[in-house]
Amino acid sequence: MLPAEVLERFVERCPAAVMVRAVLENLLRPERLDEVFQRAAQRQYSRQLLFSQLVAIMSAVATRSQPSVHAAYLAAQDKLDISPQALYDKLRRLEPAVTAALVRETARDAARAIDALPGLRPPVLTGGLKTYDVYCVDGNHLTSTEHRLAELRTTREAALPGQTLALLDLRRGLITELVPGEDGHAQERSLVPELLERLRKGMVLVADRNFCTSRILFGIVEHAASFVIRQHRSTLSWEREGKRRRIGRTATGMMFEQTLDLNYEGQTLPVRRLTIELDGPTNQGESEVHILTNLPAETVPPGEVVEAYRLRWTIEEAFQCLTEVLRCEVETLGYPRAALFSFAVAVVAWNTYAVVKGALKSVHGWETIEATLSDYHLMHDVLLTHCGLEIAVEASAWFWHQGLCPSAVTMIGFT
């Protein structure tokens, strides 16, 4: 059977797997990746091992095509002119700025691909004539690694190689920003200042109460952004508390609204506090949930604010898929920079699936896909087919996808 006929059979029977492979080829174009490295790297340089080759090796691990970094190295050995030790040395020295840039730049390409498709999910917050870009923010501590490194052999304590803060675009399903932190034992709030520098006007951050501090809320406003955040019991102070008034019911209880004037370092910030008196207690025994926002009451109704907060679970689902379906954590990578880079490559794979979902939504409607298609099962089914696809279809058959524009590559397998 001719190679084109083999690929056509996969398109007919496993279109999602073909599209994932095509989108990966497009997002991870070698010249594009090497350009990202050249712009972001401050001290490192490429000589014998290109950044694009490093991404290719780690992609094989992140997508479970190879069981380990060493196995991925052996599979690509004929294309490499380095030793395994040189590979690990490169990984452990990879700068966090490069890791962050990999996610940011490939996410921009993925966003262009999704935006070129019809049927994009409606805005989460409309704000009258204004449309807000709504993002979930959450942190993730990487799991402990094996004690293979000499530095770890003298302790029995868990070796935590790092942590990340991530921004997930609720409308497109993409993780657009990743802030890597090399101290796995630090509080995740320590990464927030760097995250704030990446905000832009019109963004809305949705987060749980761990991010509800005066410093963070005032920092968000300083960057012309907005927030929808659950109130923490003890991390805020305010000067004035407005009268609480009942405004209606939600699916989980009665809703009330009032105003607060927060204060921090001599500054005042008026916010809305939405309180839901729950019909039943939470798992922690709480009977009320307080949500704070600085979105204007004139254009953003309370129901939209509560719905935006309810969608915060989306990023938790993404982290679960990164761990259970993809392989974002490699237990043998004890060096923080290597572990964080491995996580970032898995995020790029996640964003590839987001592009596939965008194409499916353009054909079947976003409501149908959201209601019937599980991210977990889509990714699991693709990975089951991936190995057979790699064996049956030569790598050279995918090269032409690198030159396609984003809107063209999204329709492979669905036209």
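Which one of Arg92, Arg104, Arg64 is outside any helix (DSSP H, G or I) and in contact (Cβ under 8 Å) with a residue 24 or more places away in the chain?
Arg64
Keeping to segment 243-264, report how many residues are surrounded by fewer than 13 Cβ atoms within 10 Å (Cβ to Cβ), assigned to a loop (DSSP other than H, G, I, E, B) and in contact (Cβ under 8 Å) with a residue 24 or more places away in the chain. Number of matching residues: 1. Scanning segment 295-320 for residues that are assigned to a loop (DSSP other than H, G, I, E, B), in contact with a Lys or Arg (Cβ under 8 Å, 6 or more places away or on another chain) and surrounded by 19 or more Cβ atoms within 10 Å (Cβ to Cβ) yields one hit, Leu295. Among the conditions (1) within 19 Å of Phe343 (Cα to Cα); (2) surrounded by fewer than 21 Cβ atoms within 10 Å (Cβ to Cβ); (3) not aliphatic (A, V, I, L, M), the only one that Phe51 does not satisfy is (2).
Here's the yes/no breakdown for (1) part of a helix (DSSP H, G or I); (2) modelled with pLDDT under 90:
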residue: Ala4; (1), (2): yes, yes
residue: Val18; (1), (2): yes, yes
residue: Ala22; (1), (2): yes, yes
residue: Gln44; (1), (2): no, yes
residue: Ser52; (1), (2): yes, no
residue: Val55; (1), (2): yes, no
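Restricting segment 228-242 to residues that are of a type outside the set (Ser, Thr, Tyr) and surrounded by 15 or more Cβ atoms within 10 Å (Cβ to Cβ) leaves a set whose member that is farthest from Tyr135 (Cα to Cα) is Trp238. Looking across segment 177-194 at every residue that is among the hydrophobic types (A, V, I, L, M, F, W, C) and closer than 17 Å to Ala107 by Cβ, the one that is farthest from the chain's Cα centre (by Cα) is identified as Val179.
Of everything in segment 277-304 that is β-branched (Val, Ile, Thr) and modelled with pLDDT of 95 or more, the residue that is nearest to Asp169 (Cα to Cα) is Thr293. Checking Leu322, Leu236, Leu311, Leu217 one by one, the residue that is among the aliphatic types (A, V, I, L, M) and modelled with pLDDT of 95 or more is Leu217 and no other.
One line per residue, one yes/no per condition, for (1) assigned to a loop (DSSP other than H, G, I, E, B); (2) touching a residue at least 40 places away in the same chain (Cβ under 8 Å); (3) β-branched (Val, Ile, Thr):
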{"residue": "Thr176", "(1), (2), (3)": "no, yes, yes"}
{"residue": "Val179", "(1), (2), (3)": "no, yes, yes"}
{"residue": "His185", "(1), (2), (3)": "yes, no, no"}
{"residue": "Glu194", "(1), (2), (3)": "no, no, no"}
{"residue": "Leu205", "(1), (2), (3)": "no, yes, no"}
{"residue": "Phe218", "(1), (2), (3)": "no, yes, no"}
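Per-residue answers, yes or no, for (1) under 29 Å from Ser52 (Cα atoms); (2) at pLDDT 90 or above; (3) assigned to a helix (DSSP H, G or I); (4) touching a Leu at 6+ places or on another chain (Cβ under 8 Å):
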position: Tyr88; (1), (2), (3), (4): yes, yes, yes, no
position: Arg112; (1), (2), (3), (4): yes, yes, yes, no
position: Thr126; (1), (2), (3), (4): no, no, no, no
position: Thr131; (1), (2), (3), (4): no, no, no, yes
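In this structure, Ala166 does not qualify as at pLDDT 95 or above, surrounded by fewer than 22 Cβ atoms within 10 Å (Cβ to Cβ) and either out of contact with any Lys or Arg (no Cβ under 6 Å at 6 or more places or on another chain) or charged (D, E, K, R) (or both).
The values are calculated or read from the model by the stated rules, or taken from the named source; none is laboratory data. Note that the structure is a prediction, hence the values are computed from the model and not measured. Counting neighbours? That spans all protein chains shown, and the Cβs are built from the backbone with ideal geometry, glycine included.
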